[in-house]
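> Attaching a single structure in structure tokens format; questions to follow.
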Amino acid sequence: QVHLAESGGGLVQPGGSLRLSCAASRSIFSIGAMGWYRQAPGKQRDYVASMTNGGKLEYADSVKGRFTISRDNAKNTVYLQMNSLKPEDTAVYYCIATWRGSNYWGQGTQVTVSS
């Protein structure tokens, strides 16, 4: 199994930045792919960004140019740097890991963009 713990959420003004972290319970080098989803109140959970072990990065159109996903294998941690935040980015952000054909989710961290 893989246990994931997100952190770094909070309240930020429009145009501001936040960096989310996702710490994994096992070496992320062994995990095929990791990424981020988000879920706003009353809406479905949507894809945000992902990266494979081979370094392929992908982003949802809504965050391209503003969000950056990265990883630190030594710390078993994946990051989501979020810049130029907008009110519509408000959501609970979830980390996901795909390992041996199964998906594992973190508990989520709240991001609120408001003035």
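The values are calculated or read from the model by the stated rules, or taken from the named source; none is laboratory data. Here the structure is a predicted model, which is why all the values come from computation and not from measurement. Cβ coordinates were reconstructed from backbone atoms using ideal geometry, including for glycine residues, and neighbour counts include every protein chain displayed. Only protein heavy atoms, including side chains, enter the accessible area calculation; ligands, DNA and RNA are left aside. Shrake-Rupley method; radii C 1.70, N 1.55, O 1.52, S 1.80 Å.
> Buried (at least 19 other Cβ atoms within 10 Å of the Cβ), among the β-branched types (Val, Ile, Thr) and touching a Cys at 6+ places or on another chain (Cβ under 6 Å) - does that describe any residue in region 100-111?
No - not one qualifying residue is present in region 100-111.
> Here's a check for you: in region 1-24, which residue that is under 16 Å from the mean Cα position of the chain (by Cα) and assigned to a loop (DSSP other than H, G, I, E, B) is surrounded by the most Cβ atoms within 10 Å (Cβ to Cβ)?
Per the criteria, the residue is VAL2.
> Step by step: first the residues of region 71-104, then only those that are more than 15 Å from GLY9 (Cβ to Cβ) and of a type in the set (Phe, Trp, Tyr), then the one that is modelled with the highest pLDDT. Which residue is that?
TYR104
> Among the candidates GLY65, GLY54, which residue alone is modelled with pLDDT under 95 and part of a loop (DSSP other than H, G, I, E, B)?
On the way: GLY65 fails: modelled with pLDDT under 95.
One residue alone meets the criteria, GLY54.
> If you check every pair at least six apart or on different chains, which have Cβ atoms under 6 Å apart with a residue in region 48-68 that is farther than 10 Å from LEU80 by Cβ first and a residue that is assigned to a loop (DSSP other than H, G, I, E, B) and modelled with pLDDT under 95 second?
Sorted first by the residue in region 48-68, then by its partner, the pairs are ASN53/GLY32.
> State all residues of region 44-59 that are closer than 16 Å to TYR79 by Cα and either β-branched (Val, Ile, Thr) or surrounded by 14 or more Cβ atoms within 10 Å (Cβ to Cβ) (or both); if no residue qualifies, say none.
Taking region 44-59 and keeping what is closer than 16 Å to TYR79 by Cα, we get 47-53, 55-59.
Residues satisfying the conditions are TYR47, VAL48, ALA49, SER50, MET51, THR52, ASN53, GLU58, TYR59.
> What is the number of the single condition among (1) closer than 13 Å to ALA97 by Cβ; (2) loosely packed, with under 14 Cβ neighbours inside 10 Å that ALA33 does not meet?
(2)
> Scan region 77-88 and report the pairs whose first residue is in contact (Cβ under 8 Å) with a residue 60 or more places away in the chain and open to solvent by 30 Å² or more (accessible area, probe 1.4 Å) and whose second residue is among the basic types (Lys, Arg) and not in a helix (DSSP H, G or I), with Cβ atoms within less than 9 Å and a gap of 6+ or a chain change.
Matching pairs, first to second residue: GLN81/ARG19; ASN83/ARG66; SER84/ARG66; LYS86/ARG66.
> Under 7 Å between Cβ atoms, which residue pairs at least 6 apart in sequence (or on different chains) link something in region 3-16 that is farther than 19 Å from TRP36 by Cα with a partner that is open to solvent by 60 Å² or more (accessible area, probe 1.4 Å) and not in a loop (DSSP other than H, G, I, E, B)?
PRO14/PRO87
> Hey, another quick one. Could you count how many residues in region 60-76 are surrounded by fewer than 12 Cβ atoms within 10 Å (Cβ to Cβ) and touching a strand residue (DSSP E or B) at 6+ places or on another chain (Cβ under 7 Å)?
0
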